[in-house]
Amino acid sequence: MAEEKNRSEDHDKFPDTPYKDLYIYYLQGRLKPDKKIFGNNFIGNWQEDEFSFLFFSKPSHVQVEKMLTSHPELTLVDEFYMTYDQWQGGKITPFEVGRFRIIPSWQKQCKRMNSCRNQLSILLDPGVVFGAGTHTTTQDCLNALELVFSREKIESVLDLGTGTGLLALAASRLGCKNILAVDFNFLAARTALRNVRLNKLEDRIIIVQGRAEDFIDLPSDLVIANIHYDVVKRLVTSRGFFNNKWFILSGLLRSQARDLLYELSQSQVRIVKKWERDGIWHTFLGKTG
């Protein structure tokens with residue numbers, strides 16, 4: 001694959017990061033995410049509503065302009081340059097949350113994977129997808145996962161808005177063998193699949209590109225939704241939500257958390273624990289029935 005070849009070349013030159021530089025082309029309109037006309041420097045296409053963001057590891061204005069001549073329905077809005085570390089908000093390094101140790105896949109130490117007896121190591125390559133594991137809501141979800149797995153045997157997990165797949169990987173490391181991870185964004189789903197393969201967990205985790213609302217009716221022992229609030233609202237008001245024994249809801253601002261608690265209070269659910277970070281971000285672990 002062109003992306004893997006490009007990634008490998010950057011790894012050889014810059015072992016502390018998967019890419020040195022990012023060149024981003026912001027288009028109005030939707031370009032098929034599997035477009036293969038850009039060559040080895042093309043990283044991926046992030047689609048958001050009616051816009052496309054094309055990521056390259058080298059300047060690619062000529063290739064983008066050439067593509068636009070055959071796609072008059074698309075318009076180049078702007079283009080950006082930044083380092084990979086700037087895109088991710090800083091250098092990605094190994095870190096620990098509870099028993100989990102998250103290791104960037106491109107770092108030399110990840111090949112050894114030496115850890116203490118009770119530590120759960122996860123290799124992660126976020127690519128250009130948000131979700132390197134450093135955000136407070138992700139870390140609170142990891143803590144919530146440890147708590148629920150310590151209380152009950154969890155045999156099935158539904159991870160909605162999986163992003164890089166980190167929470168699905170964490171659930172698997174805790175012992176779950178039946179995990180469905182969903183993301184509406186094609187690039188996110190592809191990144192999550194790559195991380196599943198990096199950790200050799202294809203027999204435990206299935207990655208699907210689709211809408212979270214289309215999968216909430218599938219019963220599971222635990223549903224995780226660290227996702228846009230508008231989607232969370234639709235999930236908790238659907239009948240299928242209550243087919244899940246446990247739930248982790250995150251990515252909630254203070255007012256959203258308050259409104260969601262009221263919505264949940266109208267049903268037979270119990271909030272087992274709440275996490276609050278900096279008075280801004282909120283995470284709930286709860287049980288239905």
Review point. Within the group GLU155, GLU146, which residue is part of a loop (DSSP other than H, G, I, E, B) and either assigned by TED's automatic domain parsing to the domain that holds TRP275 or touching a residue at least 60 places away in the same chain (Cβ under 8 Å) (or both)?
Key: GLU155
Point to revise | Residue among ILE206, ILE248 that alone is surrounded by 14 or more Cβ atoms within 10 Å (Cβ to Cβ) and without any contact (Cβ under 8 Å) to a residue 40 or more places away in the chain | key: ILE206
Practice item. Scan the stretch 49-87 residue by residue and report those that are surrounded by fewer than 12 Cβ atoms within 10 Å (Cβ to Cβ), touching a residue at least 24 places away in the same chain (Cβ under 8 Å) and among the charged types (D, E, K, R). Key: GLU73, ASP78
Check your understanding: Do you know which residues across the stretch 237-264 are out of contact with any strand residue (DSSP E or B) (no Cβ under 9 Å at 6 or more places or on another chain) and of a type in the set (Ser, Thr, Tyr)?
Key -> THR237, SER238, SER255, TYR262
Exercise for review: Give the residue that is nearest to the chain's Cα centre (by Cα), with candidates limited to residues of the stretch 263-280 that are farther than 19 Å from CYS141 by Cβ and part of a helix (DSSP H, G or I).
Suggested key: GLU263
Practice item. Kindly indicate whether ARG239 is out of contact with any Asp or Glu (no Cβ under 7 Å at 6 or more places or on another chain) and at pLDDT below 95. Key: yes
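Would you confirm whether or not the stretch 110-118 contains a residue that is under 26 Å from ILE24 (Cα atoms) and either at pLDDT below 95 or in the same structural domain as PHE241 (by TED's automatic domain parsing) (or both)?
Start the filter on the stretch 110-118 by keeping residues that are under 26 Å from ILE24 (Cα atoms), which leaves none.
Looking through the stretch 110-118, none of the residues is under 26 Å from ILE24 (Cα atoms) and either at pLDDT below 95 or in the same structural domain as PHE241 (by TED's automatic domain parsing) (or both).
Going residue by residue through the stretch 215-224, is there one that turns out to be surrounded by fewer than 14 Cβ atoms within 10 Å (Cβ to Cβ) and out of contact with any Ser or Thr (no Cβ under 6 Å at 6 or more places or on another chain)?
Going through the stretch 215-224, the residues surrounded by fewer than 14 Cβ atoms within 10 Å (Cβ to Cβ) turn out to be 217, 219.
Checking which are out of contact with any Ser or Thr (no Cβ under 6 Å at 6 or more places or on another chain) leaves us with 217, 219.
Yes.
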Study note, to complete from the structure: Residue hits (the stretch 186-216; modelled with pLDDT under 95 and of a type in the set (Ser, Thr, Tyr)) are none
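The values are calculated or read from the model by the stated rules, or taken from the named source; none is laboratory data. Being a predicted model, the structure only gives us computed values, none of them experimental. Methodologically, a virtual Cβ is constructed for each residue, glycine included, from the backbone with ideal geometry; neighbour enumeration extends over all protein chains shown.
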